[in-house]
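**Student:** Input: one structure, supplied below.
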């Protein structure tokens, strides 16, 4: 099972150390192949209320029955939508290979993510994601190099520490093809996403480790009233620089991880209608996960200039190219009961500041959510999951929409 799936399992199900083990191991000549992944499905019911116009910030998580968009004018007021869908993790099939050649550890990972959701009679969704395709080489004496597409560095540990990674969180009111729910994305952290990258990870120095990466520069994007993405006339002119420093400690009464990460990207003016100098987007975060026996505590916070909210570079700039600031964070407490059922409570909030030049009061101001979850290991690979998620979205004028989601389902790791 590849590293990111292992981290997801280990971070989300503390009671099941066995689930973080390798998947299906196949010796193949000089190579050892590891086939792993997960399958998950949830029955969800979302009741949304409010008819405020809120643009930007991917407010689909408080969505209505048709598009999941809070600005859906055909379904104002109370809305009730039930779906059978994938959770925050997509269904996942990953093939990894490792070998030792010329004093180097060489490896690769390729994965596919088929969806659970069906959206219309007589046809299936045509969407399928391919989140990972990368190679690594290195040695424990000097570290490793990664080339290809994988989870981004900035805010990557934030999503891997989110308990809703095994469940649904926000976003269950929207249903479209292979779309997953969004868990705590946009309500406590910005999505790390899956990025083309060239990265170096250091050896482990008594628990300390760092990663430095050049990742593909992205365009800034806006969220219009139909939840589609559109460029705002500014683009990434060079690769972004991302990095993380972490300290992991084990063996005592308290175990856990401390980390900080950041991102910097040059943003280039790319429009004939406005004249602006080049700009720089940047963000930094800090987080900690501490385990006291059966009790787990996670705290996380971030601050960004020109990185937007929910998804990187979404609503990061005004239509005139002026930069917006954002910040947020989340807190999470979990407890593994004697039955091995883990109960968790999480609260998160993401804020987007209006630029001083703006008068658009419909722009999203904050997205907030509270999640109560139960995660029960029916077997060492199969987990039953139940969650209650209360989400709220507010625009700059103070008008708001709400959504309450109940979800029940299961996730199987192999």
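**Student:** Starting from residues that are buried (at least 24 other Cβ atoms within 10 Å of the Cβ) and under 30 Å from residue 376 (Cα atoms), keep the ones in region 299-343 and report whichever is farthest from the chain's Cα centre (by Cα).
**Tutor:** 342
**Student:** Separate question: Name every residue in region 344-354 that is exposed (fewer than 15 other Cβ atoms within 10 Å of the Cβ) and under 28 Å from residue 221 (Cα atoms), in order of residue number.
**Tutor:** Selection gives nothing.
Yes/no matrix, rows are residues, columns are (1) modelled with pLDDT of 90 or more; (2) within 29 Å of residue 316 (Cβ to Cβ); (3) part of a strand (DSSP E or B):
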position: 218; (1), (2), (3): no, yes, no
position: 222; (1), (2), (3): no, yes, yes
position: 227; (1), (2), (3): no, yes, no
position: 243; (1), (2), (3): yes, yes, yes
position: 247; (1), (2), (3): yes, no, yes
position: 252; (1), (2), (3): no, no, no
position: 256; (1), (2), (3): yes, no, yes
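**Student:** Which count do you get for residues in region 94-119 that are over 17 Å from residue 141 (Cα atoms), touching a residue at least 24 places away in the same chain (Cβ under 8 Å) and part of a strand (DSSP E or B)?
**Tutor:** Number of matching residues: 9.
**Student:** Looking at (1) surrounded by fewer than 21 Cβ atoms within 10 Å (Cβ to Cβ); (2) at pLDDT below 95; (3) assigned to a strand (DSSP E or B), can you tell me which one residue 364 breaks?
**Tutor:** Unmet condition: (1).
**Student:** Using the structure shown, decide if residue 382 is at pLDDT 95 or above and surrounded by fewer than 16 Cβ atoms within 10 Å (Cβ to Cβ).
**Tutor:** For residue 382, the condition - at pLDDT 95 or above and surrounded by fewer than 16 Cβ atoms within 10 Å (Cβ to Cβ) - is not met.
**Student:** Still on this structure, I have one more. Looking only at region 385-403, filter to residues that are assigned to a loop (DSSP other than H, G, I, E, B) and in contact with a strand residue (DSSP E or B) (Cβ under 9 Å, 6 or more places away or on another chain); which one of those is surrounded by the fewest Cβ atoms within 10 Å (Cβ to Cβ)?
**Tutor:** Here the answer is 398.
**Student:** Before we move on, is residue 43 modelled with pLDDT of 80 or more, closer than 19 Å to residue 180 by Cβ and assigned to a strand (DSSP E or B)?
**Tutor:** Yes; evaluated as a whole, the condition is true for this residue.
**Student:** Follow-up question, since we're still on this one. Could you check region 152-181 and list, in sequence order, the residues that are outside any loop (DSSP other than H, G, I, E, B), modelled with pLDDT of 95 or more, under 23 Å from residue 313 (Cβ atoms) and touching a strand residue (DSSP E or B) at 6+ places or on another chain (Cβ under 6 Å)?
**Tutor:** 157, 158, listed by residue number.
**Student:** If residue 344 meets every condition in (1) out of contact with any helix residue (DSSP H, G or I) (no Cβ under 7 Å at 6 or more places or on another chain); (2) over 25 Å from residue 245 (Cβ atoms); (3) touching a residue at least 24 places away in the same chain (Cβ under 8 Å) apart from one, which number is that one?
**Tutor:** Checking residue 344 against (1) out of contact with any helix residue (DSSP H, G or I) (no Cβ under 7 Å at 6 or more places or on another chain); (2) over 25 Å from residue 245 (Cβ atoms); (3) touching a residue at least 24 places away in the same chain (Cβ under 8 Å), the one that fails is (1).
The values are calculated or read from the model by the stated rules, or taken from the named source; none is laboratory data. Here the structure is a predicted model, which is why all the values come from computation and not from measurement. Counting neighbours? That spans all protein chains shown, and the Cβs are built from the backbone with ideal geometry, glycine included.
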